[in-house]
Amino acid sequence: MPLVSVVVPAYNVSKTICDTLDSILKQTFSDFELIIINDGSTDNTLQVIEGVRDPRIQVFSYENGGLPEARNRGIARATGELITFIDADDLWTQDKLECQVTALQQNPEAGLAYSWTCFMDSEGKSFSQDLPCYIEGNVYAQLLVGNFITSGSNVMLRASAIESAGLFDRTLKSIEDWEYWLRVAAKWPFVVVPQYQILYRQSATSMASKIDVMEKYS
């Protein structure tokens, strides 16, 4: 069985998912399975995915259940000791998996590893860096103040940490990742990889832009 399970929730992302998959398949760390959850897409997302050939790819299609449920479905399919997520419009640097695996191996008490985030526009042409964050260990108090993890495309977790924290709350329409990191932080130390490795795509339709929804569920 692979050491790492990479879970990709995919809903109507035919324009971006090829770049996302390319950033995963070009990782310097290769001992992973790639689990794509087609969350009831109504565009040609599934056809685009089927055009990408790699033996590590597994595709599972469901009726639309929303992002938290898609992640949960990926967790149910995962066999790796370590599990990580990436949304189908975001990107990773090539050493993301390698560095986070190393961080968790060197810190066996930690349940979650995270890196730093760069923001890009909808076309992937304009970039800005999030503030560097060095918080690790017992991070619960600091995480309550603000979500320094930034996005659901960032973290790598031990499967044992997920087992102890439970699944993502499928009733939440926003901040479901922050709520989940808090549950993990209540039980496990975090470790940081002090490098910019997550390229988070911002657009007018992204959840990060829907302030009213985020406020409702916060």
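Look at region 93-116: where a residue is at pLDDT below 95, no partner that is among the polar types (S, T, N, Q) and crowded, with 19+ Cβ neighbours inside 10 Å sits 6+ places away or on another chain with Cβ atoms under 8 Å. Return the pair list, or none, for Cβ contacts closer than 7 Å from residues in region 8-19 that are modelled with pLDDT of 95 or more to residues that are among the small types (Gly, Ala, Ser) and in a strand (DSSP E or B), at least 6 apart or on different chains. Final answer for the pair search is ILE17/ALA10. In the set (1) surrounded by 13 or more Cβ atoms within 10 Å (Cβ to Cβ); (2) assigned to a loop (DSSP other than H, G, I, E, B), the condition left unmet by LEU131 is number (1).
For every residue, the table says whether it meets (1) of a type in the set (Gly, Ala, Ser); (2) farther than 20 Å from THR20 by Cα.
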residue: ALA70; (1), (2): yes, no
residue: ALA76; (1), (2): yes, yes
residue: ASP89; (1), (2): no, no
residue: TRP92; (1), (2): no, no
residue: GLN100; (1), (2): no, no
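Taken as a whole, the structure places SER5 among residues that are on the phi < 0 side of the Ramachandran plot, in a strand (DSSP E or B) and in contact (Cβ under 8 Å) with a residue 24 or more places away in the chain.
Taking the conditions exactly as written (closer than 20 Å to LEU67 by Cβ and either under 13 Å from the mean Cα position of the chain (by Cα) or modelled with pLDDT of 95 or more (or both)), does ILE135 satisfy them or not? Criteria not met by ILE135.
Scanning region 140-162 for residues that are in contact (Cβ under 8 Å) with a residue 24 or more places away in the chain and either farther than 22 Å from VAL7 by Cβ or small (Gly, Ala, Ser) (or both) yields TYR140, LEU144, SER151, GLY152, SER153, ALA159, SER160, ALA161. One residue stands out among those in region 87-119 that are in a loop (DSSP other than H, G, I, E, B) and more than 20 Å from SER164 (Cβ to Cβ): the one that is most open to solvent (accessible area, probe 1.4 Å), which is GLN94.
Scanning region 70-86 for residues that are open to solvent by less than 30 Å² (accessible area, probe 1.4 Å) and more than 17 Å from ARG56 (Cβ to Cβ) yields a total of 4.
The values are calculated or read from the model by the stated rules, or taken from the named source; none is laboratory data. Keep in mind the model is a prediction, meaning the values are calculated, not measured. No Cβ is skipped: glycine too gets one built from the backbone with ideal geometry, and neighbour counts run over all protein chains shown. For accessibility, only protein heavy atoms count, side chains too; no ligands or nucleic acids. Shrake-Rupley method; radii C 1.70, N 1.55, O 1.52, S 1.80 Å.
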